[in-house]
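**Q** Just dropping this structure here.
The values are calculated or read from the model by the stated rules, or taken from the named source; none is laboratory data. Please read all numbers here as calculations on a predicted model, not as lab measurements. Cβ atoms come from the backbone with ideal geometry, glycine included; neighbour counts cover every protein chain shown. Please note that ligands, DNA and RNA were not included when accessible areas were found on the heavy atoms of the full protein model with its side chains. Shrake-Rupley method; radii C 1.70, N 1.55, O 1.52, S 1.80 Å.
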Amino acid sequence: MKILILGAGGQLGSELVNILQDDTLIPLTHRDIEMTDEQQVNNILSSNMPDVVINTAAYHKVDDCEDNIEQSFAVNSYAVRNLARICSELGITFVHFSTDYVFGGEKKTPYNEDNCPNPGSVYAVSKLAGELFARNICSKYYVIRTCGLYGAKGISGKGGNFIETMIKLANGGKKIKVVSDQIVTPTCAKELAAKVSQLIRTDKYGLYHITNNGGCSWYEFAKAIFGLTGIAGDISPTTSAEFGARARRPAYSVLENRNLKLLGLDDMMQWRDALKEYLIEKGYLLSSPNDSIPD
Ligand SMILES: NC(=O)c1ccc[n+]([C@@H]2O[C@H](COP(=O)([O-])OP(=O)(O)OC[C@H]3O[C@@H](n4cnc5c(N)ncnc54)[C@H](OP(=O)(O)O)[C@@H]3O)[C@@H](O)[C@H]2O)c1
């Protein structure tokens, strides 16, 4: 397949570039393309004519979005609308990523694809608008909601991912406070990228939740990082109210990979197992094939 990737320099984009090596790839970073420039996007897509466009680019500094409403909608909504329209006109399959933050967090059990969104921040509203444009404009689309991504590259502009941040703070001897009242599913970008590679070959278009399985608070996730690596982090729980972030986050946004399950494709790891694999790969945790990894 000929696949064009937007956001190829990012956390998920770089994992997709790695995993899709057997395809004909056109990986575009922000330096190569400005996705809000409709004319440029049109020129690049129509001159390359890929089978599939995968958009991982987003404006997702969630707190900054509260103050930069125009930019949030320009990148996360209008640019996605234009991409969807161009893909639809050129017969290109459109793959787009959305977020667990489209949900309000009122539930206590995992959200499936049929549950009603109730976004509580500018970021979340702009992402929901983007996914609705994609779903309404395209007939050949995969809109994929994911949650709590971490990848080797780290999130652009956020100085690494949550795991690396925790380890850096602990190694620097810092007191660490992490919220214990937001329940999520930390999701490994590498595993998500592999699942996307599988899904886009099915022609089963639609809306998908794709995360690792299970759920935990960010505090529990940080405790697991320190527990597994043996790094002594001076960590204590805090609340979202005490933390005082500008944007509202859902108290509970665990997603059920229900549509993936219906295709028989939900073999996503439990979040703790995926974390162990990441820590082994990054050299924080040693494992030999005969050893069981400690919980
Ligand atoms: N990270 C998470 O925890 C999380 C959770 C749920 C959903 N998601 C969604 O998953 C997707 C991938 O996230 P990620 O963590 O891989 O993000 P990321 O690391 O920030 O990667 C996004 C990439 O898009 C590029 N980009 C940003 N604005 C652009 C524009 N206007 N034109 C062209 N390129 C642009 C960025 O380049 P520059 O940095 O150079 O601007 C960056 O390389 C996003 O749709 C996000 O909303 C993420």
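**Q** Give the number of residues within the range 70-83 that are touching a residue at least 12 places away in the same chain (Cβ under 8 Å) and surrounded by fewer than 24 Cβ atoms within 10 Å (Cβ to Cβ). So that I can check it myself, show each step before the final result.
**A** Kept after step one, since they are touching a residue at least 12 places away in the same chain (Cβ under 8 Å), are these residues of the range 70-83: 71-83.
From what's left, surrounded by fewer than 24 Cβ atoms within 10 Å (Cβ to Cβ): 71, 73-75, 77-78, 81-82.
Number of matching residues: 8.
**Q** Look through 275, 263 and report the one residue that is of a type outside the set (Ser, Thr, Tyr), open to solvent by 10 Å² or more (accessible area, probe 1.4 Å), farther than 21 Å from residue 101 by Cα and out of contact with any Gly (no Cβ under 6 Å at 6 or more places or on another chain). It would help to see each step written out before you state the result.
**A** Values: 275 fails: open to solvent by 10 Å² or more (accessible area, probe 1.4 Å).
The conditions single out 263.
**Q** The conditions are (1) assigned to a helix (DSSP H, G or I); (2) open to solvent by 40 Å² or more (accessible area, probe 1.4 Å); (3) without any contact (Cβ under 8 Å) to a residue 60 or more places away in the chain, and residue 287 fails exactly one of them. Which is it?
**A** Failing condition for residue 287: (1).
**Q** Follow-up question, since we're still on this one. Regarding the range 118-129, can at least one residue be identified that is in a helix (DSSP H, G or I), within 30 Å of residue 90 (Cα to Cα) and open to solvent by 40 Å² or more (accessible area, probe 1.4 Å)? Quick ask: steps written out before the conclusion?
**A** Of the range 118-129, the ones in a helix (DSSP H, G or I) are 122-129.
Retained after the next criterion (residues that are within 30 Å of residue 90 (Cα to Cα)): 123-129.
Add one more test, that the residue is open to solvent by 40 Å² or more (accessible area, probe 1.4 Å), and what stays is 125.
Yes, the range 118-129 contains a residue that is in a helix (DSSP H, G or I), within 30 Å of residue 90 (Cα to Cα) and open to solvent by 40 Å² or more (accessible area, probe 1.4 Å).
**Q** Ok, one more. Specify which of the listed residues (36, 93, 24) is among the β-branched types (Val, Ile, Thr), near the ligand (Cβ under 9 Å from one of its atoms) and in contact (Cβ under 8 Å) with a residue 12 or more places away in the chain. Spell out the reasoning first.
**A** On the way: 93 fails: near the ligand (Cβ under 9 Å from one of its atoms); 24 fails: near the ligand (Cβ under 9 Å from one of its atoms).
Residue meeting the stated conditions: 36.
**Q** Oh, and also: With respect to residue 248, determine if the residue is in a loop (DSSP other than H, G, I, E, B), open to solvent by 10 Å² or more (accessible area, probe 1.4 Å) and touching a Gly at 6+ places or on another chain (Cβ under 6 Å). Write out each step before concluding.
**A** Details: in a loop (DSSP other than H, G, I, E, B): yes; open to solvent by 10 Å² or more (accessible area, probe 1.4 Å): yes; touching a Gly at 6+ places or on another chain (Cβ under 6 Å): yes.
For residue 248, the condition - in a loop (DSSP other than H, G, I, E, B), open to solvent by 10 Å² or more (accessible area, probe 1.4 Å) and touching a Gly at 6+ places or on another chain (Cβ under 6 Å) - is met.
**Q** Then there's this: For the structure I just gave you, tell me whether residue 42 is modelled with pLDDT of 95 or more and either more than 10 Å from the ligand (Cβ to nearest atom) or touching a Pro at 6+ places or on another chain (Cβ under 6 Å) (or both).
**A** Working: modelled with pLDDT of 95 or more: yes; either more than 10 Å from the ligand (Cβ to nearest atom) or touching a Pro at 6+ places or on another chain (Cβ under 6 Å) (or both): yes.
When the stated conditions are applied, residue 42 passes them.
**Q** I've got another one for you. Scanning for something open to solvent by 50 Å² or more (accessible area, probe 1.4 Å) and either under 30 Å from residue 52 (Cα atoms) or in a loop (DSSP other than H, G, I, E, B) (or both), does the range 205-225 turn up at least one residue? Explain how you work it out, then say what you get.
**A** Going through the range 205-225, the residues open to solvent by 50 Å² or more (accessible area, probe 1.4 Å) turn out to be 205, 220, 223.
Checking which are either under 30 Å from residue 52 (Cα atoms) or in a loop (DSSP other than H, G, I, E, B) (or both) leaves us with 205.
Yes - at least one qualifying residue is present in the range 205-225.
**Q** Do you know which of the residues in the range 107-166 that are more than 28 Å from residue 277 (Cβ to Cβ) and of a type in the set (Ser, Thr, Tyr) is farthest from the ligand (Cβ to nearest atom)?
**A** Filtering the range 107-166 for residues more than 28 Å from residue 277 (Cβ to Cβ) gives 107-108, 114-126, 128-141.
From what is left, the residues that are of a type in the set (Ser, Thr, Tyr) are 121, 123, 126, 139, 141.
Details: 121: 12, 123: 8, 126: 10, 139: 21, 141: 14 Å.
In this case the residue turns out to be 139.
**Q** Which of the residues that make up the range 216-249 are of a type in the set (Ser, Thr, Tyr) and without any contact (Cβ under 8 Å) to a residue 60 or more places away in the chain? Show your work before the answer.
**A** Our first condition is that a residue be of a type in the set (Ser, Thr, Tyr); within the range 216-249, this holds for 217, 219, 229, 236, 238-240.
Scanning the range 216-249 gives 217, 219.
**Q** What is the residue count in the range 84-104 for residues that are open to solvent by 10 Å² or more (accessible area, probe 1.4 Å) and assigned to a loop (DSSP other than H, G, I, E, B)?
**A** Count: 2.
**Q** Something else now. Taking the range 45-69, which residues are closer than 21 Å to residue 16 by Cβ and either charged (D, E, K, R) or crowded, with 20+ Cβ neighbours inside 10 Å (or both)? Before you say what the answer is, go through the steps one by one.
**A** So the first thing to find is which residues in the range 45-69 are closer than 21 Å to residue 16 by Cβ, and the list is 45, 48-60.
Selection gives 45, 50, 51, 52, 53, 54, 55, 56, 57, 58, 59, 60.
**Q** So which residues in the range 114-128 are under 15 Å from residue 79 (Cβ atoms) and over 17 Å from the mean Cα position of the chain (by Cα)?
**A** The answer is none; no residue qualifies.
**Q** Could you say which residue among 235, 280, 231 is open to solvent by 10 Å² or more (accessible area, probe 1.4 Å) and part of a helix (DSSP H, G or I)? Even if it seems obvious, please write down each step before you answer.
**A** Values: 235 fails: part of a helix (DSSP H, G or I); 231 fails: part of a helix (DSSP H, G or I).
Answer to the check: 280.
**Q** Which ones in the range 130-168 are within 15 Å of the chain's Cα centre (by Cα), at pLDDT 95 or above and open to solvent by 40 Å² or more (accessible area, probe 1.4 Å)?
**A** Residues satisfying the conditions are 149, 162.
**Q** Could you please let me know if residue 170 is within 14 Å of the ligand (Cβ to nearest atom) and not in a loop (DSSP other than H, G, I, E, B)? Walk me through how you get there before you give the answer.
**A** Details: within 14 Å of the ligand (Cβ to nearest atom): no; not in a loop (DSSP other than H, G, I, E, B): yes.
Against the criterion (within 14 Å of the ligand (Cβ to nearest atom) and not in a loop (DSSP other than H, G, I, E, B)), residue 170 does not qualify.
**Q** Being farther than 17 Å from residue 54 by Cβ and not in a loop (DSSP other than H, G, I, E, B) is the filter here; which residues of the range 130-154 pass it?
**A** Correct list: 132, 136, 150.
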